[in-house]
Amino acid sequence: MKISFYLLLAVAIFSFGCKSKPYKTTAKGLKYKIYQSNSGEKAKLGDMIKFHFVISTEKDSQLTNSYKMGKPYTARLFNTSFGSLTEGFLMLAKGDSAAFFLPADSVTKGRPDPKIKPGTLIKYTIKMLDIKSSAEFEQDRKKAMEEEQKLMNENKAKEPALIADYIKTKAPKAKKTDSGLYYIITQEGKGPKPKKGDTVYAHYKGTFLDGKAFDDDRGKPFSFKIGAQQVIPGWDEGFALLKKGSKATFIIPSKLAYGPRGSGKIIPPYTPLVFEVELTDIK
């Protein structure tokens, strides 16, 4: 899809160089060029639209690009949402692509940009990915919430058995604190343990119970203050059990980690975590 879209852009750019008037103009003054037009229903005010965009100068020097950002833009289409571009979005159906040209002076008003010359045009190249009515969007949102809640309930129900099986098969010597944290000190350090308010420095590697890694310190010690809620509760409690130079394994239930919310797309709700840690310093 992306290859064909960029090929289409290349053809359009070539066409601009061959024609004196590379765009049409609406009655309201919006300059535009349609690259692809489907027979589907056009966007309407109030619809939720999802689209990719490339913003560039009139001579196709890119300023910003949603493809490079890694995800399309989604917003509700109101007159106030996109200013002059709103008229352009109303021309498009799902799958359509087009370029809209706005005066640089209106785009950069109060925000001068050395890449943009006064008196030129800014080109917005749009690929419309999806259009949903308010009712359709709300229905999809409700369905997504229901599926998320179902996943949360399933993970919550499975978690105790998963932890018990992990401890039995992979960490039978682990000690358990009153909060539910499991830990194994694999190398005993020296000196006093850190107190509330102390800053600790540590190397770490985080994995799920199946051994799949999700995070590490990338070779540079991570620091945080004990008891200051700068880290998950399982870390605050676990590192307070260690001396400088200690190495340990923490098996942390979700209630002491990221709980029912999880952490972005990386850690699902009600997910227990395993950390291999080394306490390198205390200050």
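The values are calculated or read from the model by the stated rules, or taken from the named source; none is laboratory data. Since the model is a prediction, treat every value here as computed from it, not as a measurement. These accessible areas exclude ligands, DNA and RNA; they are computed on the full protein's heavy atoms, side chains included. Shrake-Rupley method; radii C 1.70, N 1.55, O 1.52, S 1.80 Å.
Summary of values
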{"item": "Pair-distance profile P(r), taking every C-alpha pair of segment 85-138, with 5 angstrom steps and integer %", "result": "4, 18, 20, 17, 14, 12, 9, 5, 1"}
{"item": "Degrees separating the helix 2-18 axis from the principal Cα axis of the chain, which is the longest one", "result": "30"}
{"item": "Relative compactness, segment 146-211, computed as alpha-carbon Rg over 2.2 N^0.38 Å", "result": "1.50"}
{"item": "Cα-derived Rg over Rh, computed across segment 51-101 with Rh taken as Kirkwood radius", "result": "0.95"}
{"item": "Amide H within-cut-off set for L121, under 5 Å, with H built and near neighbours excluded", "result": "E58, A104"}
{"item": "Reachable lysines, given that their alpha-carbon falls under 22 Å from the alpha-carbon of K170 and they are not under 8 places away in the same chain", "result": "K156, K158, K205, K212, K247, K255"}
{"item": "Per-selection Rg to Rh, the chain - Cα, Kirkwood hydrodynamic radius", "result": "1.17"}
{"item": "Cα centroid separation - segment 29-72 against segment 141-213, whole Å", "result": "45"}
{"item": "Under 17 Å from the Cα of K244 - lysines, other chains or at least 8 residues apart", "result": "K190, K193, K195, K196, K220, K225, K283"}
{"item": "Residue-normalised accessible area of segment 105-219, given per residue in Å² at a 1.4 Å probe", "result": "70"}
{"item": "When segment 51-152 is reduced to its Cα atoms, the Kirkwood hydrodynamic radius in Å", "result": "15.6"}
{"item": "Set of aspartates and glutamates with alpha-carbon distance to K117 below 14 Å, sequence-local pairs under 8 removed", "result": "E58, D60, D105"}
{"item": "Cα Rg, Dmax, segment 232-283, angstrom units", "result": "12.2, 34"}
